[in-house]
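Colleague: Dropping a structure here in structure tokens format, bear with me for questions.
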């Protein structure tokens, strides 16, 4: 049975693959299958949601599913893969432990319940993985850990060292101290950010459906499974209808998974939505079996610093660019100059991140600015040699240097 909200209806188009389309294209399997590289060692991030971890309205843990997940992840480790688990469930488990029937609504109550549940959840994981002789580590992150450059680098180094030691990090958002302004929002987004941080090859989003469908199969018996999404950007034009809530104890729905896939795809990570009740499908997918829905990745940012700019930083404002600036950035790989800016939106300071958009509002990239919003409003549309006169002091020749610029369509 598919949980309410975890389905989406979508028109048929070239960016999606149904069984009939897949059968008519003999080369399609080669584009998203890993059959040609079965022996390769992958970095794999696995996210399991609360709906898969719990089995009752009270949020009781589904121990058989968790045991199967532990066995699968240990098998991946023995096969030479590097594995990270992003696990939800702390709030649900905390509610069960405290006998609460409803998910907390206030931040303080949620943080208190999460503190109760996180310890219980990690104890269960530790017992299972210890039985399998697999060391694990608890990693609790807040959005600040990825926004600040020094903490981002430190987080990367910690993950790298844990993976080199053969440890499976178990990641969750640090709900006990996180605040609304600096939250990931849900663990789907967190898993995509972690996948980008470590430069993962695969991101598996385990949920209570086996894949995406063309409609809710409970009400539409002829609903077709979707095997491949090649261009996520086309989904908006198709008037996709997605639920924004999952199980009563979870925070996400299919919409958060699509957004997570968008983040991962732009970071060069292949994302798969598949059944959380059968985690043993993960090695089958790595071996090339057609299970779940695959989101085809785009070439990601070439360096860890650019991944940080693209996915770690929170954009404080927006810059709208004319056609010449868009072409110079996307096609020629040049820096952004003040002359190409047509509009400045938001309030930001020097060294903040901003989103870059076309005049029509299409996001093309992100970068770190050399000027504040006040300064940019004075110099937008002007040549660089006019900046000292307009501002009354010398400034940087570029608004965003190309070394601090990530282009979504080209990198």
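The values are calculated or read from the model by the stated rules, or taken from the named source; none is laboratory data. Quantities reported herein were computed from a predicted structural model and do not represent experimental measurements. Every residue, glycine as well, gets a Cβ built from its backbone with ideal geometry; the counts of neighbours run over all protein chains shown.
Colleague: What is the number of the single condition among (1) touching a strand residue (DSSP E or B) at 6+ places or on another chain (Cβ under 8 Å); (2) crowded, with 19+ Cβ neighbours inside 10 Å; (3) in contact (Cβ under 8 Å) with a residue 24 or more places away in the chain that residue 377 does not meet?
Modeller: Of the numbered conditions (1) touching a strand residue (DSSP E or B) at 6+ places or on another chain (Cβ under 8 Å); (2) crowded, with 19+ Cβ neighbours inside 10 Å; (3) in contact (Cβ under 8 Å) with a residue 24 or more places away in the chain, the odd one out for residue 377 is (2).
Colleague: Could you go through region 295-302 and let me know if any residue there is on the phi > 0 side of the Ramachandran plot and assigned by TED's automatic domain parsing to the domain that holds residue 257. Give the derivation first.
Modeller: Of region 295-302, the ones on the phi > 0 side of the Ramachandran plot are none.
So far as region 295-302 goes, no, none of its residues is on the phi > 0 side of the Ramachandran plot and assigned by TED's automatic domain parsing to the domain that holds residue 257.
Colleague: Examine region 317-329 for a residue that is under 30 Å from residue 225 (Cα atoms), surrounded by 22 or more Cβ atoms within 10 Å (Cβ to Cβ) and in contact with a helix residue (DSSP H, G or I) (Cβ under 6 Å, 6 or more places away or on another chain), and state whether such a residue exists. Walk me through it before giving the result.
Modeller: Within region 317-329, the subset under 30 Å from residue 225 (Cα atoms) is none.
No, that holds for no residue.
Colleague: Taking region 140-166 as the region of interest, how many residues are at pLDDT 90 or above, crowded, with 20+ Cβ neighbours inside 10 Å and not in a helix (DSSP H, G or I)?
Modeller: Qualifying residue count for the region: 1.
Colleague: Would you say residue 280 is touching a residue at least 40 places away in the same chain (Cβ under 8 Å), over 30 Å from residue 401 (Cα atoms) and either in contact with a helix residue (DSSP H, G or I) (Cβ under 8 Å, 6 or more places away or on another chain) or not assigned by TED's automatic domain parsing to the domain that holds residue 66 (or both)?
Modeller: Spelling it out, residue 280 is indeed touching a residue at least 40 places away in the same chain (Cβ under 8 Å), over 30 Å from residue 401 (Cα atoms) and either in contact with a helix residue (DSSP H, G or I) (Cβ under 8 Å, 6 or more places away or on another chain) or not assigned by TED's automatic domain parsing to the domain that holds residue 66 (or both).
Colleague: When the residues of region 382-402 are filtered to those that are touching a helix residue (DSSP H, G or I) at 6+ places or on another chain (Cβ under 6 Å) and in contact (Cβ under 8 Å) with a residue 24 or more places away in the chain, which remaining residue is surrounded by the fewest Cβ atoms within 10 Å (Cβ to Cβ)?
Modeller: 383
Colleague: Continuing with the same structure: Which of the following residues is assigned to a helix (DSSP H, G or I) and either in the same structural domain as residue 322 (by TED's automatic domain parsing) or more than 22 Å from residue 311 (Cβ to Cβ) (or both): 374, 398? Give the steps one after another, and end with the answer.
Modeller: Working: 398 fails: assigned to a helix (DSSP H, G or I).
Of 374, 398, the one residue that is assigned to a helix (DSSP H, G or I) and either in the same structural domain as residue 322 (by TED's automatic domain parsing) or more than 22 Å from residue 311 (Cβ to Cβ) (or both) is 374.
Colleague: Only residues that are exposed (fewer than 15 other Cβ atoms within 10 Å of the Cβ), in contact with a helix residue (DSSP H, G or I) (Cβ under 7 Å, 6 or more places away or on another chain) and in a loop (DSSP other than H, G, I, E, B): list them for region 331-362, please.
Modeller: Residues satisfying the conditions are 333, 347.
Colleague: Moving to a separate point now. Does residue 169 meet the test of being closer than 17 Å to residue 199 by Cβ, assigned by TED's automatic domain parsing to the domain that holds residue 118 and either surrounded by 19 or more Cβ atoms within 10 Å (Cβ to Cβ) or modelled with pLDDT of 95 or more (or both)?
Modeller: Details: closer than 17 Å to residue 199 by Cβ: yes; assigned by TED's automatic domain parsing to the domain that holds residue 118: yes; either surrounded by 19 or more Cβ atoms within 10 Å (Cβ to Cβ) or modelled with pLDDT of 95 or more (or both): yes.
When the stated conditions are applied, residue 169 passes them.
Colleague: Output yes when any residue across region 111-120 is touching a strand residue (DSSP E or B) at 6+ places or on another chain (Cβ under 7 Å), part of a helix (DSSP H, G or I) and touching a residue at least 40 places away in the same chain (Cβ under 8 Å), and no when none is. Explain how you work it out, then say what you get.
Modeller: Taking region 111-120 and keeping what is touching a strand residue (DSSP E or B) at 6+ places or on another chain (Cβ under 7 Å), we get 118.
Pick out the ones that are also part of a helix (DSSP H, G or I) and you get 118.
Filter again for touching a residue at least 40 places away in the same chain (Cβ under 8 Å), leaving 118.
Looking through region 111-120, at least one residue is touching a strand residue (DSSP E or B) at 6+ places or on another chain (Cβ under 7 Å), part of a helix (DSSP H, G or I) and touching a residue at least 40 places away in the same chain (Cβ under 8 Å).
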